[in-house]
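Before any comments, here is the structure.
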Amino acid sequence: MPSSDRRRACAVAAVLAVLATATGCSAAPIAEETPQPLTDDQAAAACRRSLTDLNGENADRLMQRFVARDGDRQIRVYVSEPDKWISTCRLGPSGHEETFGSVMSDGPRDRITFYGGADAVLKAHLLIGRLPAKATTITASLPSGATLTGSTDGDLFLIWGPGTAVEGARLTARAADGTAVTTATAPGLDT
């Protein structure tokens, strides 16, 4: 091969090597990175961005009330009492998945009040609402036969069943002494 052809071939090879490097191409196989779970700070920041997108300037008034975790998945609940607004943010291993909000309606203080309606129940597998007066705990008996115990903060409750149908669950709110205060059926397909 004449030297000018060799120089051209070398130049072409050099250009191809530079392009391969610049575009991240290589002849060696690239090891796939395993997604790392979000840190608490990363999850909170992702939810704050999503809450701001959904709620605009009212997002600053939303205070975190719950964080429920299931492996690498979690759901965070934020409330703005002055606005009577509740927002939830669901995250998975790769980050934010869904955020939605709902009005916190007033209901009879001796009953379980649900927020979020069928969207929360069907999309997020979430039961959220206000505990009745005198209640300190809440459980949900699912149609599958499983029972989930809710988180409470003295006023609100959260029951999250990721990957589990919660529609039509039978909720029981109990007083500190274990007696049933009231029961209610969660929203479902036909409510």
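The values are calculated or read from the model by the stated rules, or taken from the named source; none is laboratory data. A quick note: this is a predicted structure, and the numbers were derived from the prediction, not measured. Every residue, glycine among them, receives a Cβ derived from its backbone with ideal geometry; neighbour counts consider all protein chains shown. The protein model used for the area step is the full one, side chains on, heavy atoms only, and it has no ligands, DNA or RNA in it. Shrake-Rupley method; radii C 1.70, N 1.55, O 1.52, S 1.80 Å.
Observations, loosely collected:
- Subset of region 64-110 [open to solvent by 60 Å² or more (accessible area, probe 1.4 Å) and either within 15 Å of the chain's Cα centre (by Cα) or modelled with pLDDT of 95 or more (or both)]: 64, 65, 69, 70, 71, 72, 73, 94, 96, 97
- Region 168-187, residues that are assigned to a strand (DSSP E or B) and among the polar types (S, T, N, Q): 172, 182, 183, 185
- Test: residue in region 54-61 that is under 19 Å from residue 160 (Cα atoms) and at pLDDT below 95: no
- Residues in region 124-142 that are among the aliphatic types (A, V, I, L, M) and in a loop (DSSP other than H, G, I, E, B) were compared, and the one that is surrounded by the fewest Cβ atoms within 10 Å (Cβ to Cβ) is 133.
- Within the set 137, 185, 147, 99, the sole residue that is farther than 30 Å from residue 40 by Cα, among the hydroxyl-bearing types (Ser, Thr, Tyr), out of contact with any Pro (no Cβ under 8 Å at 6 or more places or on another chain) and without any contact (Cβ under 8 Å) to a residue 60 or more places away in the chain turns out to be 185.
- Number of the exception - residue 169 against (1) within 16 Å of the chain's Cα centre (by Cα); (2) of a type in the set (A, V, I, L, M, F, W, C); (3) open to solvent by less than 40 Å² (accessible area, probe 1.4 Å): (1)
- Tabulated pairs, region 53-71, first farther than 18 Å from residue 81 by Cβ, second in a helix (DSSP H, G or I) and of a type outside the set (S, T, N, Q), C-beta under 9 angstrom, 6+ apart or interchain: 53/59; 67/40; 67/43; 67/44
- If you filter region 143-166 down to residues that are out of contact with any His (no Cβ under 6 Å at 6 or more places or on another chain) and buried (at least 20 other Cβ atoms within 10 Å of the Cβ), you find that the one that is farthest from residue 102 (Cα to Cα) is 150.
- Restricting region 143-161 to residues that are among the polar types (S, T, N, Q) and assigned to a strand (DSSP E or B), the residue that is farthest from the chain's Cα centre (by Cα): 147
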